[in-house]
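Asker: Dropping a structure here in structure tokens format, bear with me for questions.
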Amino acid sequence: MTIPFQVRVQAAAVKAAYAMPGPLRRLIAGAPVRRDGQELALDAQLLLRLQQLSGTHLVSPGGVAHSRAALDLGRHLVSGAPIEPVATREIRIPVEYGEMSATLYTPAGLAEPSGLLVFFHGGGWVLGTRTSHDNTARFLAQRAGVRVLSVEYRLAPEHIFPAAVDDALAAFDFAHTKAADLGSDPSRIAVGGDSAGGNLAAVTAQLAARRGGPAPVFQLLFYPTTDASRRRRSRELFADGFFLTSAHMDWFADHYAPEGVDRTDPRLSPLLAADLAGLPPAYIATAGFDPLRDEGEAYARRLADSGVVVALSRQPDLIHGYINFLGIGRRFREATAEAAGALRLALAAG
């Protein structure tokens, strides 16, 4: 797509801001922000300040269509140039309503068969696309040395709960059945995602494990939403001013799970599943300044208490969405690289 001139100017301004010496970046960002025993990373604080100055928001007052368009343009400001060399191939996944689109990412030189990550993008089940998370998928593929199948599941409000769940499970089943065609090893398939995508990955792991048969061997969950039925302390602590807000969370949930949907359903709130025993090992990343922090960590504790091998990694100085900010600063890449390392180890050939 052609990037609008205004967006190119904004991207240049963001790049210039992050290229400034530390004292100047601090001057723009403001005094250090400390909350709950944590200090916000300068990279994250500068991003929030630039968003404030530009008047941009995750959710646009213009509604769903405007928010989707803004997110698509906003990625040019923070995602960075496409990571190469990574080959891409468009995939069509047969589903009951026709076809679901996906993109297969293969880092250069990766032999067959390799491990495979089935990845679900974030965006509150309402926003986001494979394109919005293109560089994230490239980064994980290259750093982890795996193939990544990034899935274009159906979004709300056009398709409410549990449409996205049905698509996520269908994508995993396709990946397992067609592993050879995808250049992957059917015994080394993981599921993963960020935010709402992390929710879908966790739910897919639960559903696949409970039905018997093929199931993921690993879960890569970035700041997942795990309980739509209640508010936790982190939601009050970081309700506003840290990219994802409490009001945004209500907006997303109301679109995906409107009145009449049982928000205690484990397919929406995987933390509330009666039994978590027997699920695949998980790497769960949370961000210190994120309203979703506590429910992600509660899910990690429940998995561990159920005998599941879990690595919980709180990034105490970061905000929600950090795996999409790979083109600015260093801190976001550092945190995402840690997760890629965990994925590499989990899907290494045995």
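The values are calculated or read from the model by the stated rules, or taken from the named source; none is laboratory data. Here the structure is a predicted model, which is why all the values come from computation and not from measurement. Counting neighbours? That spans all protein chains shown, and the Cβs are built from the backbone with ideal geometry, glycine included. When the accessible area is computed, the model is the full protein with side chains, heavy atoms only, and any ligands, DNA or RNA have been set aside. Shrake-Rupley method; radii C 1.70, N 1.55, O 1.52, S 1.80 Å.
Asker: Which of the residues belonging to the stretch 188-202 are closer than 22 Å to Ser132 by Cβ, open to solvent by 10 Å² or more (accessible area, probe 1.4 Å) and assigned to a strand (DSSP E or B)?
Answerer: none
Asker: Identify, from the list Asp185, Asp167, Asp181, the residue that is in a helix (DSSP H, G or I) and either open to solvent by 10 Å² or more (accessible area, probe 1.4 Å) or farther than 19 Å from Ile323 by Cβ (or both).
Answerer: That would be Asp167, the only listed residue that is in a helix (DSSP H, G or I) and either open to solvent by 10 Å² or more (accessible area, probe 1.4 Å) or farther than 19 Å from Ile323 by Cβ (or both).
Asker: Report yes if Thr264 is open to solvent by less than 10 Å² (accessible area, probe 1.4 Å) and assigned to a loop (DSSP other than H, G, I, E, B), otherwise no. Explain how you work it out, then say what you get.
Answerer: Working: open to solvent by less than 10 Å² (accessible area, probe 1.4 Å): no; assigned to a loop (DSSP other than H, G, I, E, B): yes.
For Thr264, the condition - open to solvent by less than 10 Å² (accessible area, probe 1.4 Å) and assigned to a loop (DSSP other than H, G, I, E, B) - is not met.
Asker: Something else now. For the stretch 265-273, state whether one or more residues are closer than 24 Å to Leu48 by Cβ and of a type in the set (A, V, I, L, M, F, W, C).
Answerer: Among the residues of the stretch 265-273, not one is closer than 24 Å to Leu48 by Cβ and of a type in the set (A, V, I, L, M, F, W, C), which makes the answer no.
Asker: If only one of Tyr105, Tyr18 is in the same structural domain as Leu155 (by the TED database) and of a type in the set (Phe, Trp, Tyr), which one is it? Write out each step before concluding.
Answerer: Numbers: Tyr18 fails: in the same structural domain as Leu155 (by the TED database).
Answer to the selection: Tyr105.
Asker: Could you please give the count of residues in the stretch 14-26 that are hydrophobic (A, V, I, L, M, F, W, C), loosely packed, with under 15 Cβ neighbours inside 10 Å and closer than 19 Å to Gly55 by Cα?
Answerer: Count: 1.
Asker: Any idea which of (1) assigned to a loop (DSSP other than H, G, I, E, B); (2) more than 19 Å from the chain's Cα centre (by Cα); (3) under 17 Å from Leu117 (Cα atoms) is the one Pro157 doesn't satisfy?
Answerer: The number of the failed condition is (3).
Asker: Can you find even one residue in the stretch 254-262 that is closer than 29 Å to Gln38 by Cα and not hydroxyl-bearing (Ser, Thr, Tyr)?
Answerer: There is no residue in the stretch 254-262 that is closer than 29 Å to Gln38 by Cα and not hydroxyl-bearing (Ser, Thr, Tyr).
Asker: Quick test for you: out of Arg130, Arg138, pick the one residue that is in the same structural domain as Arg267 (by the TED database) and part of a helix (DSSP H, G or I).
Answerer: Arg138
Asker: Next question, about the same structure. Could you identify the single residue in Leu221, Leu271, Leu279 that is aliphatic (A, V, I, L, M) and in a loop (DSSP other than H, G, I, E, B)?
Answerer: Going through Leu221, Leu271, Leu279 in turn, the sole match is Leu279.
Asker: A further question follows. Could you say which residue among Ala348, Ala311, Ala304 is farther than 30 Å from Arg231 by Cα and either outside the structural domain of Arg188 (by the TED database) or open to solvent by 40 Å² or more (accessible area, probe 1.4 Å) (or both)? If you could, list the steps in order and put the result at the bottom.
Answerer: Values: Ala311 fails: farther than 30 Å from Arg231 by Cα; Ala304 fails: farther than 30 Å from Arg231 by Cα.
Answer to the check: Ala348.
Asker: Out of Gly115, Gly80, Gly122, Gly74, I need the residue that is at positive phi and either at pLDDT below 95 or under 21 Å from the mean Cα position of the chain (by Cα) (or both). Which one?
Answerer: Every option except Gly80 fails the conditions.
Asker: Among the numbered criteria (1) in contact (Cβ under 8 Å) with a residue 24 or more places away in the chain; (2) closer than 17 Å to Tyr223 by Cα; (3) among the acidic types (Asp, Glu); (4) open to solvent by 30 Å² or more (accessible area, probe 1.4 Å), which one does Glu334 miss?
Answerer: Of everything listed in (1) in contact (Cβ under 8 Å) with a residue 24 or more places away in the chain; (2) closer than 17 Å to Tyr223 by Cα; (3) among the acidic types (Asp, Glu); (4) open to solvent by 30 Å² or more (accessible area, probe 1.4 Å), Glu334 misses just condition (1).
Asker: I want to confirm something. Restricting to the stretch 58-69 and keeping residues that are buried (at least 17 other Cβ atoms within 10 Å of the Cβ) and of a type outside the set (Lys, Arg), which single residue is nearest to Ile3 (Cα to Cα)?
Answerer: Ser67
Residues are listed down the side, and each one gets a yes or a no for (1) buried (at least 18 other Cβ atoms within 10 Å of the Cβ); (2) more than 30 Å from Asp173 (Cα to Cα):
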position: Phe5; (1), (2): no, yes
position: Gly30; (1), (2): no, yes
position: Gln51; (1), (2): no, yes
position: Leu77; (1), (2): yes, yes
position: Glu99; (1), (2): no, no
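Asker: Hey, another quick one. Would you confirm whether any residue within the stretch 203-226 is touching a residue at least 40 places away in the same chain (Cβ under 8 Å), surrounded by 18 or more Cβ atoms within 10 Å (Cβ to Cβ), under 16 Å from the mean Cα position of the chain (by Cα) and over 20 Å from Ala346 (Cα atoms)?
Answerer: yes
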